[in-house]
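S.K.: Please see the structure below; I have some questions.
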């Protein structure tokens, strides 16, 4: 079942709300530039200069939107960009949506 234009529009708005925050954009930058392709919460907190509680809220919003994914290893949580291709598709869809509306 293929989502209709209205559903895609809702997804785009949700994504833009998540990405419309400077701290979250920095998180994406740090994740995308990591050699390992993923970083721990501690690594992200140090790089972003955020307290872990604030960072955790940002990461939850980004995970809920499907922008990032998390895996656990022992006591550590590693975050990575969920699907860079999917993120690119959504941004491309945004361009198409804006050109029609």
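The values are calculated or read from the model by the stated rules, or taken from the named source; none is laboratory data. What you are looking at is a predicted structure, and each value in this text was computed from that prediction instead of being measured. Methodologically, a virtual Cβ is constructed for each residue, glycine included, from the backbone with ideal geometry; neighbour enumeration extends over all protein chains shown.
S.K.: How do the helices (runs of 4 or more DSSP H) wholly within segment 23-101 filter down when requiring 3 or more residues that are touching a helix residue (DSSP H, G or I) at 6+ places or on another chain (Cβ under 8 Å) and either surrounded by fewer than 12 Cβ atoms within 10 Å (Cβ to Cβ) or modelled with pLDDT of 90 or more (or both): which remain? Break it down into steps so the answer makes sense when it comes.
M.R.: Details: elements: 41-48, 52-64, 84-100.
The qualifying helices (runs of 4 or more DSSP H) are 41-48, 52-64.
S.K.: Looking at segment 6-28, I want the residues that are within 19 Å of residue 56 (Cα to Cα) and have a partner that is in a helix (DSSP H, G or I) and modelled with pLDDT under 80 with Cβ atoms under 7 Å, at least 6 apart or on another chain. Which pairs are those?
M.R.: Short answer, once both residue conditions are applied: 15/90.
S.K.: Within the set of pairs 6+ apart or on separate chains, which have a first residue in segment 52-79 that is in contact (Cβ under 8 Å) with a residue 40 or more places away in the chain, a second that is surrounded by fewer than 18 Cβ atoms within 10 Å (Cβ to Cβ) and assigned to a strand (DSSP E or B), and C-beta atoms under 7 Å apart?
M.R.: 68/80; 78/40; 78/70; 78/71; 79/70
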